[in-house]
Amino acid sequence: MTVRHASSRLEVEVSAPAHLVFSVAVSSDYPDIEEELTFRVGDREVEAEELIAPSGSRLHRIREAPVGTLHVDYRATVASPSPEAEIQGIDEILYTRPSRYCDSDRLANLSHTHFAGLTGYELMSAVTQWVRTKVTYRPGSSRVVDGALETYLSRAGVCRDSAHLVVAFLRGLNMPARLVSVYAPGLRPMDFHAVAEAYHDGRWYLLDATGLAPRQPMVRICTGRDAADTAFMTTLGGRTRLTRLAVDASVDGDLPYDDRFSFVTLT
């Protein structure tokens, strides 16, 4: 695995003291990371508490961000791959149930209609190919409240919408699936990226219906049921407005070729 680099910068206008949670740091699963994360308003650094979820996701909480422009700056160099993700405890139940944006209970009949009789690798491949060919990547076409059913009906959305639909279809056929936010070298347009993971035969497989970036060099940030768990910024109290977002991801050397049809894991 080549060395990977990731960075993100956010500017947030805080108009009333705010309780904020950020998910921009790469997963704690990576064994060899060189990184820096700062929060500041003007010349003043703002303290953030790091919380690590059972999935290895790292959340940074600011309990009372002061009024002003909050600058969030993150950079990381990932020199080694992470171990393959394992299924833990209640995961097989948690990631097969419906969730806020992956409303598999509302899509179960459609899952059976489109993918009747398919299981395992054939099911993962068919679902990914269906979403890739039927859902148009169109920035600005979806709302933050839209779930998988809305994406199915509109046939358009951004990466998180495609990932939600993949996850919901798989859960509708009782395959554990979840959402992962990643840094994605080669992604155009560059942004935080959302992909799906499905659990089969003892491994979590990485599925990306958008095909906008090679999967092999992606770097895991946050893992959860859907975008409600993996959002890069959550305002739990106060008043805020995101005014700037810049993301970058790259590798040393050339990007790998991704044929889009092989099964890979996120490491």
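The values are calculated or read from the model by the stated rules, or taken from the named source; none is laboratory data. What you see is a predicted model; the values in this text were computed from it and never measured. Cβ placement follows ideal geometry from the backbone for every residue including glycine, while neighbour counts extend to all protein chains displayed.
In this structure, is residue 210 in a strand (DSSP E or B), hydroxyl-bearing (Ser, Thr, Tyr) and in contact with a strand residue (DSSP E or B) (Cβ under 9 Å, 6 or more places away or on another chain)? When the stated conditions are applied, residue 210 does not pass them.
Does residue 45 meet the test of being acidic (Asp, Glu), touching a Lys or Arg at 6+ places or on another chain (Cβ under 7 Å), modelled with pLDDT of 95 or more and surrounded by fewer than 20 Cβ atoms within 10 Å (Cβ to Cβ)? In short, no.
Only one of 26, 21, 72, 78 is among the β-branched types (Val, Ile, Thr) and farther than 30 Å from residue 94 by Cα. Can you tell me which?
Details: 26 fails: farther than 30 Å from residue 94 by Cα; 21 fails: farther than 30 Å from residue 94 by Cα; 78 fails: farther than 30 Å from residue 94 by Cα.
Exactly one residue qualifies, and that residue is 72.
When each of 73, 43, 29, 103 is tested for being out of contact with any strand residue (DSSP E or B) (no Cβ under 8 Å at 6 or more places or on another chain), among the acidic types (Asp, Glu) and not assigned by TED's automatic domain parsing to the domain that holds residue 222, the lone residue that passes is 43.
If you go through region 99-150 and keep only what is among the hydroxyl-bearing types (Ser, Thr, Tyr) and either buried (at least 17 other Cβ atoms within 10 Å of the Cβ) or touching a residue at least 60 places away in the same chain (Cβ under 8 Å) (or both), you end up with 99, 101, 104, 111, 121, 125, 128, 137, 142. If you go through region 150-175 and keep only what is under 27 Å from residue 203 (Cα atoms) and of a type in the set (A, V, I, L, M, F, W, C), you end up with 158, 159, 163, 165, 166, 167, 168, 169, 170, 173, 175.
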